[in-house]
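Enquirer: I am attaching a structure below and will ask some questions about it afterwards.
The values are calculated or read from the model by the stated rules, or taken from the named source; none is laboratory data. Everything quoted here is computed from the prediction, not taken from an experiment. Heads up, the Cβs are rebuilt from the backbone with ideal geometry, glycines too, and the neighbour counts pull from every protein chain shown.
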Amino acid sequence: MADDKNKIITASDVHLFYGRFEALKGITLDFAQKDITALIGPSGCGKSTFLRTLNRMNDLIPGVTITGNVMLHGENIYAPATDTVALRKEIGMVFQQPNPFPFSIYENVVYGLRLAGIRDRRVLDEAVETSLRQAVIWDEVKDKLNQSALSLSGGQQQRVCIARVLAVKPDVILLDEPTSALDPISSGQIENMLLELRDEYTIILVTHNMQQASRISDKTAFFLQGNLIEFADTKTIFLNPHEKETEDYISGRFG
């Protein structure tokens, strides 16, 4: 578990039900500042569902019941007074399929800033360049910022989506299999970018790709059938796991 001073998110005994089906069975997990944490496990094990509890994306699904607490900077994000729009600025999310809006590259990146009422062109221009540089795509798109983001390749679209999240300066970035729809070169570019972003952001990543988890994460959590089986430094999980189920999954015996 993360050192108390270093924790940014603490999930305690989180249960989630879709109707009567219990998809998460009492997950307790801390996330340290400026770590990359990978959530791994077979399809349907609850890792993406858990990721979405961290910025209340599951609120958008009918029939979902959630119990337990998720604390961000010591505040319960499930408290009735929580502003979910503000929360999702602090905890940004990048999805499996690139989902740029049907606007220009520029307007995609500044979308959240415009929603926040920022109109100063100088501020917007600066945010676009900074965010696209952080997302390692500035050099590829700087001369076509007014073109549709939909005209880009899948890997470029995903990096623009990451820039859109970065523009509002979140504390935490959630990524749900951000490279699974991409080719190996684009995937490698995004992995390298995440390693650079770790100096400034806390990153939580769902991945099916064992090599990806072992390459870029500091900590790894292994989920199975809605349970958190094991959480430790990534080296420990991959080289010396404590639980037999973890060892079986890592070694490819199931999943």
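Enquirer: For A116, only one of the following conditions fails: (1) among the aliphatic types (A, V, I, L, M); (2) more than 15 Å from K89 (Cβ to Cβ); (3) modelled with pLDDT under 95. What is its number?
Expert: Failed condition: (2).
Enquirer: Also: Can you confirm whether region 235-251 contains a residue that is touching a Pro at 6+ places or on another chain (Cβ under 7 Å) and surrounded by fewer than 18 Cβ atoms within 10 Å (Cβ to Cβ)?
Expert: Yes - at least one qualifying residue is present in region 235-251.
Enquirer: When residues of region 71-99 are filtered for being touching a Ser or Thr at 6+ places or on another chain (Cβ under 8 Å) and under 30 Å from D248 (Cα atoms), how many remain?
Expert: 1
Enquirer: Another one. Would you check if there is a residue in region 223-233 being in a loop (DSSP other than H, G, I, E, B), of a type in the set (D, E) and surrounded by fewer than 19 Cβ atoms within 10 Å (Cβ to Cβ)?
Expert: Looking only at region 223-233, we keep the residues that are in a loop (DSSP other than H, G, I, E, B), and these are 225-226.
Next, from what is left, pick out any that are of a type in the set (D, E): none.
Scanning region 223-233 turns up no residue that is in a loop (DSSP other than H, G, I, E, B), of a type in the set (D, E) and surrounded by fewer than 19 Cβ atoms within 10 Å (Cβ to Cβ).
Enquirer: Could you say which residue among T84, T49, T65 is in contact with a His (Cβ under 9 Å, 6 or more places away or on another chain) and not small (G, A, S)?
Expert: Testing whether each residue is in contact with a His (Cβ under 9 Å, 6 or more places away or on another chain) and not small (G, A, S) leaves just T65.
Enquirer: While we're looking at this one, here's another question. What's the total number of residues in region 156-169 that are assigned to a loop (DSSP other than H, G, I, E, B) and surrounded by 21 or more Cβ atoms within 10 Å (Cβ to Cβ)?
Expert: Residues in region 156-169 being assigned to a loop (DSSP other than H, G, I, E, B) and surrounded by 21 or more Cβ atoms within 10 Å (Cβ to Cβ): 0 in total.
Enquirer: Among the residues of region 203-215, is any out of contact with any strand residue (DSSP E or B) (no Cβ under 8 Å at 6 or more places or on another chain), closer than 21 Å to F50 by Cβ and not in a helix (DSSP H, G or I)?
Expert: yes
Enquirer: Moving on to the next point. From the list P42, P80, pick out the single residue that is of a type outside the set (D, E, K, R) and either buried (at least 19 other Cβ atoms within 10 Å of the Cβ) or at pLDDT 95 or above (or both).
Expert: P42
Enquirer: Name the single residue, out of those in region 133-155 being under 24 Å from the mean Cα position of the chain (by Cα) and in a loop (DSSP other than H, G, I, E, B), that is surrounded by the fewest Cβ atoms within 10 Å (Cβ to Cβ).
Expert: S153
Enquirer: Is one or more of the residues making up region 99-108 of a type in the set (D, E, K, R), surrounded by fewer than 17 Cβ atoms within 10 Å (Cβ to Cβ) and either modelled with pLDDT of 95 or more or under 19 Å from the mean Cα position of the chain (by Cα) (or both)?
Expert: First, pick out the residues of region 99-108 that are of a type in the set (D, E, K, R): 107.
Next, only the ones that are surrounded by fewer than 17 Cβ atoms within 10 Å (Cβ to Cβ) stay: none.
For region 99-108, residues of a type in the set (D, E, K, R), surrounded by fewer than 17 Cβ atoms within 10 Å (Cβ to Cβ) and either modelled with pLDDT of 95 or more or under 19 Å from the mean Cα position of the chain (by Cα) (or both): absent.
Enquirer: Need the failing condition index for F238 against (1) more than 14 Å from the chain's Cα centre (by Cα); (2) among the aromatic types (F, W, Y); (3) under 28 Å from L87 (Cα atoms), just the number.
Expert: Result: F238 fails condition (3) only.
Enquirer: Could you please tell me which pairs satisfy a Cβ distance under 6 Å, a separation of 6+ or placement on different chains, a first residue in region 150-172 that is among the charged types (D, E, K, R), and a second residue that is buried (at least 21 other Cβ atoms within 10 Å of the Cβ) and at pLDDT 95 or above?
Expert: Listed by first residue and then by second, the contacts come to R159/A135; R159/I137; R164/N108; R164/V109.
Enquirer: In the set G74, G68, which member is on the phi > 0 side of the Ramachandran plot, free of Cβ contacts under 8 Å to residues at least 60 places away in the same chain and out of contact with any Gly (no Cβ under 8 Å at 6 or more places or on another chain)?
Expert: Matching residue, one of G74, G68: G74.
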